[in-house]
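Note sheet for the following structure.
The values are calculated or read from the model by the stated rules, or taken from the named source; none is laboratory data. What you see is a predicted model; the values in this text were computed from it and never measured. Heads up, the Cβs are rebuilt from the backbone with ideal geometry, glycines too, and the neighbour counts pull from every protein chain shown. These accessible areas exclude ligands, DNA and RNA; they are computed on the full protein's heavy atoms, side chains included. Shrake-Rupley method; radii C 1.70, N 1.55, O 1.52, S 1.80 Å.
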Amino acid sequence: MSLNKNLREARRQKNDEFYTQLSDIENELRHYKDYFRDKVVYCNCDDPRVSNFFHYFSHNFEHLGLKKLITACYKNQDRDLFSRHDSERAIWLEYKGNTKGGRVPDIDDIGVHAFKGDGDFRSEETIELLKQADIVVTNPPFSLFREYVGQLMEHEKKFLIIGSKNAITYKEIFPLIKNNKMWLGHGFKNGNAYFKASDNDSYADKSYFDKATGLVKFRNVGWFTNLDHKKRHEDLILYKRYSPEEYPTYDNYDAINVDKTAEIPKDWQGAMGVPITFLDKWNPDQFEILGVSYLWDDEFASHTFYDDYAEIRPDGTKTGMSGKKANGMAVIRGRSPSRNCLVRGDDMVYRVYDRIFVRQKNSADSV
């Protein structure tokens with residue numbers, strides 16, 4: 001089973017509670033240390049009893065030079081952490097540092113407040129807290145990622161958040177990336193993110209669930225941010241040269257196909273379709289983003305449609321599907337030995353995986 005199917009399962013089941021490992025938070029946050037001095041940090045999707053974001057920022061409050069830490073959680077029992085509040089409710093915490101001078105937060109220094117409502121990040125109460133914040137850092141609900149990012153943009157907040165990389169191709173998210181208002185962070189070690197799920201029983205029989213650690217493995221998850229970092233200004237070293245045999249032109253886009261980011265031809269000055277994973281190494285000083293292979297993107301639009309094509313399997317049998325589902329996708333003329341193809345008489349094409357269309361900005365070596 002694909003390691004990414006659990007993301008789709010989570011969206012269907014609205015199982016959005018995945019708790020981030022402290023080591024992953026530490027590995028990512030170390031690249032942004034200078035941004036936090038004298039700033040108010042808001043973690044608005046975090047139960048402090050189990051949130052490692054709260055743990056990280058409260059224990060590193062003085063080291064980072066924070067002004068204030070605010071965390072908010074949604075409809076959780078707080079009786080285990082704060083005995084003074086023994087009913088089920090949504091709460092928010094405010095921490096301004098340990099007044100006793102210690103590095104470890106003291107319970108008496110943490111202000112505990114109850115929400116009147118449920119603590120949803122979209123509620124008026126939590127938005128008032130958001131307005132106080134300089135930087136938002138959290139792991140928001142995957143199923144509400146579009147809405148969550150939209151709120152951050154509306155209130156012009158700096159942020160460092162976790163999300164599915166599938167969000168890159170959302171019509172609400174991709175324009176932000178294209179226009180350099182949002183980008184990927186450093187990322188998880190080896191591209192693998194491990195979370196503790198609130199409902200482990202849903203994943204217990206899956207290949208990506210580790211029973212020994214109780215962690216669920218996500219392959220297609222990353223950090224999204226609008227905080228600049230050194231990695232995104234490192235040039236991608238290009239070594240290959242263009243040949244029409246290795247880099248076919250799409251049937252429906254005026255661009256060549258590049259299967260691997262490392263194989264971008266250094267001497268091609270036109271548009272290229274590259275894998276979504278290109279964004280892990282995207283340097284905005286080196287490459288311009290032109291568009292994405294989806295029908296809703298009309299700035300770099302597909303000019304061919306496949307409604308009257310029939311889909312066949314590699315063995316030649318029909319699937320019963322029309323070629324309509326390939327409209328807007330990146331399509332190459334010819335037959336693929338390993339993928340379903342689209343046919344119309346003697347004409348045959350096949351679609352490739354999602355593509356981002358890019359062009360080199362500097363091509364001094366393009367000879």
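Restricting attention to strands (runs of 3 or more DSSP E) lying wholly within segment 89-190, give those where 2 or more residues are at pLDDT 90 or above and under 15 Å from the mean Cα position of the chain (by Cα).
By residue number, 135-138, 158-164.
For the list (1) outside any strand (DSSP E or B); (2) crowded, with 17+ Cβ neighbours inside 10 Å; (3) modelled with pLDDT under 95, I need the number of the one condition that Phe195 fails.
Checking Phe195 against (1) outside any strand (DSSP E or B); (2) crowded, with 17+ Cβ neighbours inside 10 Å; (3) modelled with pLDDT under 95, the one that fails is (1).
Residue under question is Asp205, and the condition is that it be at pLDDT below 95 and open to solvent by 20 Å² or more (accessible area, probe 1.4 Å); does it hold?
For Asp205, the condition - at pLDDT below 95 and open to solvent by 20 Å² or more (accessible area, probe 1.4 Å) - is met.
Determine whether Asn220 is out of contact with any Leu (no Cβ under 6 Å at 6 or more places or on another chain), more than 25 Å from Tyr170 (Cβ to Cβ), open to solvent by 20 Å² or more (accessible area, probe 1.4 Å) and modelled with pLDDT under 95. I'd like the intermediate steps shown before the answer.
Numbers: out of contact with any Leu (no Cβ under 6 Å at 6 or more places or on another chain): yes; more than 25 Å from Tyr170 (Cβ to Cβ): no; open to solvent by 20 Å² or more (accessible area, probe 1.4 Å): yes; modelled with pLDDT under 95: yes.
Spelling it out, it is not the case that Asn220 is out of contact with any Leu (no Cβ under 6 Å at 6 or more places or on another chain), more than 25 Å from Tyr170 (Cβ to Cβ), open to solvent by 20 Å² or more (accessible area, probe 1.4 Å) and modelled with pLDDT under 95.
To keep it simple, each residue is scored yes or no on (1) touching a Phe, Trp or Tyr at 6+ places or on another chain (Cβ under 7 Å); (2) modelled with pLDDT under 95; (3) open to solvent by less than 40 Å² (accessible area, probe 1.4 Å); (4) not polar (S, T, N, Q).
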position: Met329; (1), (2), (3), (4): no, no, yes, yes
position: Arg333; (1), (2), (3), (4): no, no, no, yes
position: Pro337; (1), (2), (3), (4): no, yes, no, yes
position: Leu342; (1), (2), (3), (4): yes, no, yes, yes
position: Arg351; (1), (2), (3), (4): no, no, no, yes
position: Arg355; (1), (2), (3), (4): no, no, yes, yes
position: Val358; (1), (2), (3), (4): yes, no, yes, yes
position: Asn362; (1), (2), (3), (4): no, yes, no, no
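Give just the number: which of (1) in a strand (DSSP E or B); (2) surrounded by fewer than 18 Cβ atoms within 10 Å (Cβ to Cβ); (3) not small (Gly, Ala, Ser) does Thr213 not satisfy?
With (1) in a strand (DSSP E or B); (2) surrounded by fewer than 18 Cβ atoms within 10 Å (Cβ to Cβ); (3) not small (Gly, Ala, Ser) applied to Thr213, the lone miss is (1).
Filter segment 232-258 down to residues that are open to solvent by 60 Å² or more (accessible area, probe 1.4 Å) and among the charged types (D, E, K, R) and give me whichever is farthest from Gly273 (Cα to Cα).
Checking each candidate, the answer is Glu234.
Pairs needed: first member in segment 143-168, within 18 Å of Glu128 (Cβ to Cβ); second member anywhere, open to solvent by 40 Å² or more (accessible area, probe 1.4 Å) and assigned to a strand (DSSP E or B); C-beta distance under 9 Å; at least 6 residues apart or different chains.
Listed pairs, sorted by first residue: Leu152/Lys158.
Report the residue count in segment 274-287 for those that are under 20 Å from the mean Cα position of the chain (by Cα) and either over 17 Å from Ile237 (Cα atoms) or among the acidic types (Asp, Glu) (or both).
Number satisfying all stated conditions: 2.
Would you pick out the residues in segment 289-327 that are closer than 28 Å to Leu236 by Cα, open to solvent by less than 70 Å² (accessible area, probe 1.4 Å) and acidic (Asp, Glu)?
Answer for segment 289-327, where residues must be closer than 28 Å to Leu236 by Cα, open to solvent by less than 70 Å² (accessible area, probe 1.4 Å) and acidic (Asp, Glu): just Asp297.
In segment 259-273, which residues are under 25 Å from the mean Cα position of the chain (by Cα), open to solvent by 50 Å² or more (accessible area, probe 1.4 Å) and either among the hydrophobic types (A, V, I, L, M, F, W, C) or over 28 Å from Asp228 (Cβ atoms) (or both)?
Those that are under 25 Å from the mean Cα position of the chain (by Cα), open to solvent by 50 Å² or more (accessible area, probe 1.4 Å) and either among the hydrophobic types (A, V, I, L, M, F, W, C) or over 28 Å from Asp228 (Cβ atoms) (or both): Asp259, Ala262.
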